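The values are calculated or read from the model by the stated rules, or taken from the named source; none is laboratory data. Being a predicted model, the structure only gives us computed values, none of them experimental. No Cβ is skipped: glycine too gets one built from the backbone with ideal geometry, and neighbour counts run over all protein chains shown. When the accessible area is computed, the model is the full protein with side chains, heavy atoms only, and any ligands, DNA or RNA have been set aside. Shrake-Rupley method; radii C 1.70, N 1.55, O 1.52, S 1.80 Å.
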Amino acid sequence: MTATAPVTAAATTVPDVTLREYGPALSVPLTAGAGRALAAAGILQSATPDPRREGHWLLRAGSRVGAVRTPGGPILRIMPKTPVSRLFFLLGFSLDPARAWRDSREGTVDTGAHDDVVPALAHAVERQVDAALRQGVLQGYREVEESALVVRGRLREAEQIRRHFGRTPPVEIAYDAFTTDTAENRILRAAVEQLLRLPGVPGPVRRRLAHQRLRLADVKPLVRGQELPLWQPSRLNSRYQPALRLAEAVLRGASPEHRPATGAEPLVVDGFLFDMNKLFEDFVTVALREALREHGLTARLQDPHHLDLAGLVGMRPDLVVRTGDGRTPVAVADAKYKIEKADGLLNADLYQALAYATVLGLREAHLVYAAGRQPERFHEVRGTAAGGRPGVRLYQHSLDLSRTPEQLLSTIRELAGKLASAASRPRSPADITQ
């Protein structure tokens, strides 16, 4: 996901270009600088000069969906294969799984009637911010350090000596102020301001966002590129938490920049993009983790291990299922947002799954795809059968994202049951104590 800069008059005069996720390449008129910026940003699967048309570039979208604006070029809208309402269900579940389990019928993110990513996102954030601020702007204590003519709070002795050589006034002081300028409000204001700069936000939504910015006018704005302030969930900010999680999803990325080797000014590609690879992986792993709790099992996401004894080759399975005490691994799974090949086989993924099973000492490993020709298939690995037991099995599962939220969660529960059943089966002879 990327941040944005204000819309310029030049940018609005260029016709928009619509690409489809993993769709065919389109020939688009672009300046050399804008084309290079897109290619360097890595937001498309490919961006290359069109050999048949001078001044045109062939653009092909990959897994990132949303909208971006190039300097002096068109606004590129990348439409997802998955319905927008389903995309935001996946996002909402990843951000707040406890609430999403309860509200699976409708989802947890209100996208209105919008069927494009950016309008839906702007609508969703504005509705969440409005709900958060409905009871008033949250206040809290924040440490303030400043120079003052009177002593308030505690004296900053080291700063007093360094800046004023011990003379007074002014005095360097620090104190706790009760203010609306809190981490929570800074995050909400930053998200609102970023959305106001996005291309394609509808007028009514833009006006409501401007109203929310006005409600947060006393809050200090974040500097672009600055680390997001930290906040801790508590009873006091519980009404803010849905808005904060969604706002952080908006703010998490930064604008990709293309810096020419000549040292010229960088060309910034502005917009907002979801990476469907990351979104699918987050949904699958978080949903499985929550479902596995019903079986008394724990799950670690991105659990670090090493392929070799020397510890030089690292690996991070998306999800490792462990016993309730967290000590013993019983299953491993990886989420893959990929298009299935004609024969249904993705050999590199199977090799990776076998490596996970081998290192963890498991008799099986699971791969979860966003689409597939069969709901489930498995492959038994040669040379791994021993003592009358079958060999290591590599399972491939399909999760159809066109299904309703309730159906998706039902499939996740079924898959969690299969992972949990592995806990009752014996591990491989090469069992490794983790």
(request) Identify, by number, the condition in (1) within 30 Å of P97 (Cα to Cα); (2) open to solvent by less than 50 Å² (accessible area, probe 1.4 Å); (3) at pLDDT below 90; (4) not charged (D, E, K, R) that A371 doesn't meet. (result) (2)
(request) Taking V320 as meeting all but one of (1) crowded, with 19+ Cβ neighbours inside 10 Å; (2) assigned to a helix (DSSP H, G or I), write down the number of the exception. (result) (2)
(request) For A385, work out the one condition from (1) closer than 24 Å to S63 by Cα; (2) of a type outside the set (F, W, Y); (3) free of Cβ contacts under 8 Å to residues at least 24 places away in the same chain it doesn't fulfil. (result) (1)
(request) Identify all residues within region 27-43 that are of a type outside the set (K, R), surrounded by fewer than 23 Cβ atoms within 10 Å (Cβ to Cβ), within 26 Å of the chain's Cα centre (by Cα) and over 17 Å from S63 (Cβ atoms); write none if there are none. (result) A40
(message) Quick test of your reading of the structure: P24 fulfils all but one of (1) surrounded by 17 or more Cβ atoms within 10 Å (Cβ to Cβ); (2) modelled with pLDDT of 90 or more. Name the failing condition by number.
(response) (1)
(message) So in region 129-154, with the set limited to residues that are surrounded by 15 or more Cβ atoms within 10 Å (Cβ to Cβ) and more than 30 Å from R207 (Cβ to Cβ), which one is modelled with the highest pLDDT?
(response) R142
(request) Go over the candidates G417, G391, G387, G383 one by one and state the one that is open to solvent by less than 40 Å² (accessible area, probe 1.4 Å) and at pLDDT below 90. (result) G391
